[in-house]
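Here is the structure we will look at.
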Amino acid sequence: MFIDLSVVPDGTDITGAICIVGAGAAGITLARELNGSGLTCVLLESGGTEFDSRTQQLYAGDNVGRPFPDLTTCRLRYFGGTTNHWSGWCLPLDAIDFEMRKGLPYRGWPLGRFGFYRWYRRAQEVCQIGSFDYAPEHWGVVQTKLPAPFRGPHFVPRIAQLSPPTRFRSAYGAELQSSSNITVYLQANACRFETNDAGSEVESLLVRTLSGSSFKVNAKVFVVAAGGIENARLLLASGATEGQGVGDGRDLIGRFLAHICFWAGLLAVADPPSDFYFDPGYFRTYEIGGVSRTFVPFVGLSEETMRQRQLPNIKLLWKYETPGASTAGGKLTHLHSILHDIEGRPEHVNSKVFRREGVPVTGPKLFLNLEPVPNPDSRIRLSEKRDAIGMRKVAVDWRVTAEDKRNGTTILKLLGAEVARTGFGRLRSFLEDGDDAKWPVDMYGDQHTWEPPACTATRRSA
């Protein structure tokens with residue numbers, strides 16, 4: 001059942017065997033697993049069943065590091081969470097992501113990817129996508145038809161599957177509404193865990209509403225499922241000492257923030273075909289078992305290259321530039337000279353063969369999602385400012401390192417060498433050598449923390 005906490009008498013105690021904080025993808029999925037189990041489950045959602053601007057503003061925070069996306073727009077704070085506007089990309093971690101790797105700190109899991117297969121397959125069902133199969137050749141991607149630089153040995157095709165996308169609110173709300181053992185409390189803002197004197201066990205959770213009421217939730221098990229930033233915020237706000245969260249003996253909560261995203265370069269093609277065949281970043285469909293499935297191809301590094309060159313993982317996408325398109329801060333102003341550098345094709349930008357949907361294309365503009373070197377100083381902190389329910393706001397301290405810059409330039413130089421070696425064309429990188437602090441002006445970080453194995457397990461106390 002659903003209960004609006006704003007109409008429940010102030011000071012009421014709420015009790016359950018399990019309390020889940022956050023009714024987004026993770027929280028709703030876990031609640032569904034407990035449905036019919038006989039265990040009383042309390043599922044807390046900060047918002048209601050529809051968007052509300054006052055509740056959304058509880059996400060507001062300070063940016064004290066590099067420019068970071070607006071925290072009030074990159075996530076949604078009502079039942080269903082950010083699944084209410086996600087585009088549906090689904091992709092498991094690679095086997096190499098679980099490995100300890102020489103020269104790359106803070107990596108390595110206590111188990112390999114194989115240990116997750118059972119759960120990945122079940123997640124496919126929850127997200128309403130097809131079978132757990134991410135081999136490009138099984139999605140109609142033929143190796144021999146790929147542009148030469150992306151057939152290996154360094155750069156290889158990858159795919160992400162696309163959920164419809166599943167809106168967890170509409171897909172699973174009715175199931176939880178009719179549950180006999182799951183109670184969803186709306187307008188319920190988790191503010192602070194109360195622990196025993198030793199700080200070793202959570203005893204209760206303080207919850208407030210925007211109308212000013214306060215409540216206490218008692219449970220044997222608490223699960224924090226509010227997203228990377230809000231998980232860290234709640235745990236840090238519950239700590240006995242400044243800057244260290246509850247249960248954070250290793251001082252890891254909120255650290256290792258954000259992947260690095262930026263427009264990385266311009267690919268000028270020597271002999272532009274009318275059909276690139278492989279369009280990283282563009283939605284495509286393929287029929288599997290009589291069912292049309294949607295996926296997105298992208299370019300990644302081969303595992304051999306990542307190991308041998310000690311490079312991080314990447315996702316490389318592109319978009320096709322057309323005459324008159326915006327130039328993202330003037331980055332394309334030297335396109336004409338680049339094209340004249342390509343032997344025999346000085347004017348191919350106007351060639352009729354280099355067209356997509358009848359519009360002349362100047363060349364793919366490359367977008368790079370770069371895994372950062374895990375940096376404990378890139379993190380979530382607590383601001384001295386407080387929000388409308390009296391909770392300290394988030395302070396985002398996103399940082400990048402000189403090693404991140406070197407990795408990015410190394411990858412783009414490697415791509416440029418492959419593009420030239422295969423006669424495919426030339427690459428102009430937007431990531432300049434030299435000043436480690438100088439990145440493309442459009443660089444940004446994604447909105448969640450990247451957590452090492454010690455931090456990825458759900459925080460809970462029984």
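The values are calculated or read from the model by the stated rules, or taken from the named source; none is laboratory data. A quick note: this is a predicted structure, and the numbers were derived from the prediction, not measured. Note that each Cβ is placed from the backbone with ideal geometry, even for glycine, and that neighbours are counted across all protein chains shown.
Listed residues 403, 418; which is modelled with pLDDT under 95, assigned to a helix (DSSP H, G or I) and over 30 Å from residue 207 (Cα atoms)? So that I can check it myself, show each step before the final result.
Numbers: 418 fails: modelled with pLDDT under 95.
Just a single option satisfies the conditions, and that option is 403.
Restricting attention to region 79-117, and to residues there that are part of a loop (DSSP other than H, G, I, E, B) and either without any contact (Cβ under 8 Å) to a residue 40 or more places away in the chain or in contact with a Cys (Cβ under 9 Å, 6 or more places away or on another chain) (or both), which single residue is surrounded by the most Cβ atoms within 10 Å (Cβ to Cβ)?
Here is the first cut: in region 79-117, the residues part of a loop (DSSP other than H, G, I, E, B) are 79-80, 85-88, 91-94, 99-100, 102-103, 105-112.
Remaining after also requiring either without any contact (Cβ under 8 Å) to a residue 40 or more places away in the chain or in contact with a Cys (Cβ under 9 Å, 6 or more places away or on another chain) (or both): 85, 88, 93, 99-100, 111-112.
Numbers: 85: 14, 88: 19, 93: 12, 99: 16, 100: 10, 111: 9, 112: 12.
It comes out as 88.
Take residue 52 and tell me if it is more than 30 Å from residue 374 (Cα to Cα), surrounded by fewer than 20 Cβ atoms within 10 Å (Cβ to Cβ) and among the acidic types (Asp, Glu).
Judged against the criteria, residue 52 is a match.
Looking for whichever is surrounded by fewer than 18 Cβ atoms within 10 Å (Cβ to Cβ) and over 27 Å from residue 313 (Cβ atoms) here; the options are 36, 61. Which one fits? Reasoning before the result, please.
On the way: 61 fails: surrounded by fewer than 18 Cβ atoms within 10 Å (Cβ to Cβ).
So the residue among 36, 61 that is surrounded by fewer than 18 Cβ atoms within 10 Å (Cβ to Cβ) and over 27 Å from residue 313 (Cβ atoms) is 36.
Filter region 56-70 down to the residues that are assigned to a loop (DSSP other than H, G, I, E, B) and modelled with pLDDT under 95, then identify the one that is nearest to residue 190 (Cα to Cα).
Restricting attention to region 56-70, the residues satisfying the condition of being assigned to a loop (DSSP other than H, G, I, E, B) are 60, 64-70.
Filter once more, keeping what is modelled with pLDDT under 95: 64-70.
Values: 64: 24, 65: 26, 66: 28, 67: 28, 68: 25, 69: 24, 70: 22 Å.
Per the stated criteria, the residue is 70.
Among the residues of region 165-221, what is the count of those that are under 18 Å from residue 42 (Cα atoms), assigned to a loop (DSSP other than H, G, I, E, B) and of a type in the set (D, E, K, R)?
The total comes to 0.
Output the residues belonging to region 1-33 that are of a type in the set (S, T, N, Q) and either within 19 Å of residue 181 (Cβ to Cβ) or buried (at least 19 other Cβ atoms within 10 Å of the Cβ) (or both). Spell out the reasoning first.
Restricting attention to region 1-33, the residues satisfying the condition of being of a type in the set (S, T, N, Q) are 6, 12, 15, 29.
Correct list: 15, 29.
Yes or no: residue 279 acidic (Asp, Glu) and touching a strand residue (DSSP E or B) at 6+ places or on another chain (Cβ under 9 Å)?
yes
Examine region 323-343 for a residue that is modelled with pLDDT of 55 or more and closer than 23 Å to residue 97 by Cα, and state whether such a residue exists.
Step one: list which residues in region 323-343 are modelled with pLDDT of 55 or more, which gives 323.
In the following step, the residues that additionally are closer than 23 Å to residue 97 by Cα were identified as none.
The answer is no, given that none of the residues of region 323-343 is modelled with pLDDT of 55 or more and closer than 23 Å to residue 97 by Cα.
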